[in-house]
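The values are calculated or read from the model by the stated rules, or taken from the named source; none is laboratory data. Since the model is a prediction, treat every value here as computed from it, not as a measurement. Cβ: placed from backbone, ideal geometry, glycine included. Neighbour counts: every protein chain shown.
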Number of protein chains: 2
Amino acid sequence: MPAATKRPAKAPRRAADSVNRVYAAIREMAVSYEFRPEQRINEVELAAALKVSRTPVREALNRLVIEGLITLVPNKGFFCRAFDADEILHLFEVRTALETLAVRLACRRGNAGDFEELAAFWSGVTARQAEMSAEELTSRDEEFHTRIARLSGNPEILRMIEGVNARIRFVRRIEIESPKRRETTFCEHLGIVEAMKAREDGRAETLMVEHIAISVADAVEAMKEGLARIYMRRQSA
Amino acid sequence: MPAATKRPAKAPRRAADSVNRVYAAIREMAVSYEFRPEQRINEVELAAALKVSRTPVREALNRLVIEGLITLVPNKGFFCRAFDADEILHLFEVRTALETLAVRLACRRGNAGDFEELAAFWSGVTARQAEMSAEELTSRDEEFHTRIARLSGNPEILRMIEGVNARIRFVRRIEIESPKRRETTFCEHLGIVEAMKAREDGRAETLMVEHIAISVADAVEAMKEGLARIYMRRQSA
DNA sequence: CCGCGACCAAGTGTGTACACTTGAGAATAC
DNA sequence: GTATTCTCAAGTGTACACACTTGGTCGCGG
C-alpha cells in the first residue's frame, strides 16, 4: 500500500526530515562563503528562504558550529566563520597528516582491483578535463582523495578528511582554476596511483606530502583572490 | 549598576545559554557511556532531568551527532553510539597520526620555557600518582597530550585530538587502571618530553607512535572489561 | 494456533508564542 | 557640543503545542 491510508488527499503537514535537508543546504552556503565572513546569520530570514520554521534551522546551525563552519555567540546569534588565513594553513597541515595516513593504509589494505578502479577513475577525469568547469574539477579532485581515504578501510579518516575538505574547498576551488595547477594535479595524482599499485607505501606517502605542499604554496594567492570574490561579488537579494 | 534594573525580584525566566550547559552535560554522559550502547535517548526524560525544555536538548544532541558521540535515526530519535571495537581501533589510528603531527610541530615551534613547563607538569602528576584516582589520572594523561597539541600552535589539531580523545576516553580510563600501564605511561611521557627538550622531533615522533601503539595493544582487553561494566553496572533510576 | 488489521500509547518533528537581550537612535542634561 | 539615559525595534533563546510516526497489543477470523 503506497501510504495515504488515513489522509488520502491531505499532504502531510509534517515534512519528513527537514533538518537534514536544511543542514545540507546551509552547509553548502557556508562552505562556499555565501555568507560573508563574520556576517550574522538571520535565523528568521534563513528559515523563510528554506521554507521551514526556525527550529530545524537552529538544529542545523548547531551542527555546523561543531564542524567549525559557523560560530555561535550567545545572545547575539550565529555568524559565518571568519576568513582566517592561519586557520586555512593549519587545516592544510592537518590535511597532510590525515591524507598521508590514508594513503599509507590504502596501500596496505586495498586490493589490486581497488587500485585499478582508482586509476581508471582518474584517467576518466583526465580525459574529460577540457570540458570540466573548475567547480566540477574541484569536486573530482576531492573525490580522488576521498576514494583513497575510503580504501584506507578507516571510516574515521574519511570523515575527518571530508570535514577538512569542506573548510578549505573555497580556496582549493580557486587554486584549481590555474591551468598550471591543473596540470600538476593530474600528474601528481597519477604518480600517487602508480605508487599505490606498486604497493610502495613510503613513496605514495612522500608523493602525497609533496602534492599537498605544492597546493599550500598556491593557497596564499588563492586566498587573496578568494577575499576579493567574497567582498566584490554582487549581493544577491 | 548590578543589573536588576527592570525586574528586581523576578528571576529571569530565560536561562542564559542553556544549550552549552546541556551540551556539556549530555556530552559527559555519552563519553562515559552512561547511556547503554544503542539505547534510545528519551528527549523528554533527559530534558526533565536537566530541567530545561526539549529544545536545547535537541540542539545539543544535534551537535553530538556531528561529533560521533550520538546517532540520529529519523522518526525514531537519538541513540547512544554503538560500542564498536573497530571504531575504537580506527580512532587509535587517527590519533597516532594527529599526535605525531602535534609533537613534531610542538618540537619545532615551542620554546624552551614551554618544554620546561610541560616537564614540570608531568613531574607534578608523577609525584602525586599515589593519591590519584584512575579518573583523575586519565584526565591528567589526556591533558599531557592536549598540552603538546597546544604547543603545536595549530588549534585545529587540538580540536581534533580532543574529539578523538572524547570517543576513546572510556577505554583509556580502564586501561590506566592497570598498574603496569600506569608505570609505562609515566616513563613514556617522560621520554617524549626529553626528546622535545632536545628538539629531536624525529625521536619524539617515534616515541609517541610507540606510546600509542602500546596503548592500542591493551585496548582490546580494556574494551572487554568496558563492555562488562556498561552492561553489568546497576542502572541508576 | 497463527496471521492480520484496528487501535492506542509513547515519543519524535516541527511550528509558534513570548520573554529577554542587544544595539541604535532620540531626547535630555550638563 | 558631548555624554547619559530612555525608548524601541529587531532578533535570539526557550518553552510549549500539536500533528505525525512507530511499535506493540488486543481482538477477530481463518
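A single member of A:Ala112, A:Ala106 is away from DNA strand D (no atom under 12 Å from the Cβ), within 30 Å of A:Met196 (Cβ to Cβ) and in contact with a Ser or Thr (Cβ under 6 Å, 6 or more places away or on another chain), and it is A:Ala106.
Out of everything in segment A:65-89 that is within 16 Å of DNA strand C (Cβ to nearest atom) and of a type in the set (Val, Ile, Thr), what residue ends up being surrounded by the fewest Cβ atoms within 10 Å (Cβ to Cβ)? If you could, list the steps in order and put the result at the bottom.
Start the filter on segment A:65-89 by keeping residues that are within 16 Å of DNA strand C (Cβ to nearest atom), which leaves A:71-79.
With the extra rule that they be of a type in the set (Val, Ile, Thr), the set shrinks to A:71, A:73.
Working: A:Thr71: 17, A:Val73: 9.
So, considering only residues that are within 16 Å of DNA strand C (Cβ to nearest atom) and of a type in the set (Val, Ile, Thr), the one surrounded by the fewest Cβ atoms within 10 Å (Cβ to Cβ) is A:Val73.
Among residues belonging to segment A:177-189 that are among the acidic types (Asp, Glu) and in contact (Cβ under 8 Å) with a residue 12 or more places away in the chain, point out the one that is nearest to the other protein chains (Cβ to nearest Cβ). Working first, answer last.
Of segment A:177-189, the ones among the acidic types (Asp, Glu) are A:177, A:183, A:188.
Pick out the ones that are also in contact (Cβ under 8 Å) with a residue 12 or more places away in the chain and you get A:177, A:188.
Numbers: A:Glu177: 25, A:Glu188: 21 Å.
Out of the qualifying residues, it is A:Glu188.
Return the total of residues in segment A:1-49 being at pLDDT 95 or above and within 14 Å of another protein chain (Cβ to nearest Cβ).
Of the residues in that region, 10 qualify.
Criterion first (surrounded by fewer than 21 Cβ atoms within 10 Å (Cβ to Cβ) and either within 14 Å of another protein chain (Cβ to nearest Cβ) or closer than 28 Å to A:Leu98 by Cα (or both)) does B:Arg109 satisfy it? When the stated conditions are applied, B:Arg109 passes them.
Looking at B:Val22, is it more than 22 Å from B:Leu227 (Cα to Cα) and either within 13 Å of DNA strand D (Cβ to nearest atom) or within 24 Å of the chain's Cα centre (by Cα) (or both)? Talk me through it step by step, then tell me what you get.
Details: more than 22 Å from B:Leu227 (Cα to Cα): yes; either within 13 Å of DNA strand D (Cβ to nearest atom) or within 24 Å of the chain's Cα centre (by Cα) (or both): yes.
So B:Val22 passes the test.
Can we say A:Phe92 is within 17 Å of A:Gly163 (Cα to Cα), in the same structural domain as A:Thr146 (by TED's automatic domain parsing), more than 16 Å from DNA strand D (Cβ to nearest atom) and touching a helix residue (DSSP H, G or I) at 6+ places or on another chain (Cβ under 9 Å)?
Values: within 17 Å of A:Gly163 (Cα to Cα): yes; in the same structural domain as A:Thr146 (by TED's automatic domain parsing): yes; more than 16 Å from DNA strand D (Cβ to nearest atom): yes; touching a helix residue (DSSP H, G or I) at 6+ places or on another chain (Cβ under 9 Å): yes.
In short, yes.
Scanning segment B:50-64 for residues that are more than 7 Å from every other protein chain (Cβ to nearest Cβ) and farther than 21 Å from B:Glu142 by Cβ turns up B:Leu50, B:Lys51, B:Val52, B:Ser53, B:Arg54, B:Thr55, B:Pro56, B:Val57, B:Ala60, B:Leu61.
Counting the residues of segment B:46-56 that are of a type outside the set (S, T, N, Q), part of a loop (DSSP other than H, G, I, E, B) and within 14 Å of DNA strand C (Cβ to nearest atom) gives 1.
Just to be sure before I move on: is A:Ala102 at the interface with chain B (Cβ under 10 Å from one of its Cβ atoms), out of contact with any strand residue (DSSP E or B) (no Cβ under 8 Å at 6 or more places or on another chain) and modelled with pLDDT of 95 or more in the structure I sent? Lay out the reasoning, then the answer.
On the way: at the interface with chain B (Cβ under 10 Å from one of its Cβ atoms): yes; out of contact with any strand residue (DSSP E or B) (no Cβ under 8 Å at 6 or more places or on another chain): yes; modelled with pLDDT of 95 or more: yes.
Yes, satisfied.
Within segment B:50-87, being among the aliphatic types (A, V, I, L, M), within 24 Å of B:Ile230 (Cα to Cα) and in contact (Cβ under 8 Å) with a residue 12 or more places away in the chain holds for B:Leu50, B:Val57, B:Ala60, B:Leu61, B:Leu64, B:Val65, B:Leu69, B:Ile70, B:Ala82, B:Ala85.
Kindly provide the set of residues from segment A:14-27 that are in a helix (DSSP H, G or I) and either out of contact with any Pro (no Cβ under 9 Å at 6 or more places or on another chain) or not assigned by TED's automatic domain parsing to the domain that holds A:Lys51 (or both), ordered by number. Selection gives A:Ala24, A:Ala25, A:Ile26, A:Arg27.
A:Glu188 - would you say it is of a type outside the set (Val, Ile, Thr) and farther than 23 Å from A:Glu34 by Cβ? Break it down into steps so the answer makes sense when it comes.
Working: of a type outside the set (Val, Ile, Thr): yes; farther than 23 Å from A:Glu34 by Cβ: yes.
The answer is yes for A:Glu188.
Restricting to segment B:195-213, what's the tally of residues that are outside any helix (DSSP H, G or I) and of a type in the set (Ser, Thr, Tyr)?
Total meeting the criteria: 0.
Within segment A:121-176, the set of residues being among the β-branched types (Val, Ile, Thr), more than 14 Å from chain B (Cβ to nearest Cβ) and in contact with a Lys or Arg (Cβ under 8 Å, 6 or more places away or on another chain) comprises A:Val125, A:Thr138, A:Ile174, A:Ile176.
For segment B:140-191, enumerate the residues that are in a helix (DSSP H, G or I) and of a type in the set (Val, Ile, Thr).
Residues of segment B:140-191 that are in a helix (DSSP H, G or I), as a first pass: B:140-151, B:155-175, B:179-191.
Result: B:Thr146, B:Ile148, B:Ile157, B:Ile161, B:Val164, B:Ile168, B:Val171, B:Ile174, B:Thr184, B:Thr185.
Of the residues in segment A:126-139, at least one is over 30 Å from B:Phe92 (Cα atoms), outside the structural domain of A:Arg27 (by TED's automatic domain parsing) and in contact (Cβ under 8 Å) with a residue 60 or more places away in the chain.
The rows are residues; the columns are (1) hydrophobic (A, V, I, L, M, F, W, C); (2) in contact with a Leu (Cβ under 7 Å, 6 or more places away or on another chain); (3) under 19 Å from A:Ala102 (Cβ atoms).
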residue: A:His145; (1), (2), (3): no, no, yes
residue: A:Met160; (1), (2), (3): yes, yes, yes
residue: A:Val171; (1), (2), (3): yes, no, no
residue: A:His189; (1), (2), (3): no, no, yes
residue: A:Gly202; (1), (2), (3): no, no, yes
residue: A:Val209; (1), (2), (3): yes, no, yes
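Every residue, every condition in (1) within 11 Å of DNA strand C (Cβ to nearest atom); (2) in a helix (DSSP H, G or I), yes or no:
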position	(1), (2)
B:Met29	no, yes
B:Arg36	no, no
B:Val44	yes, yes
B:Glu59	yes, yes
B:Arg63	no, yes
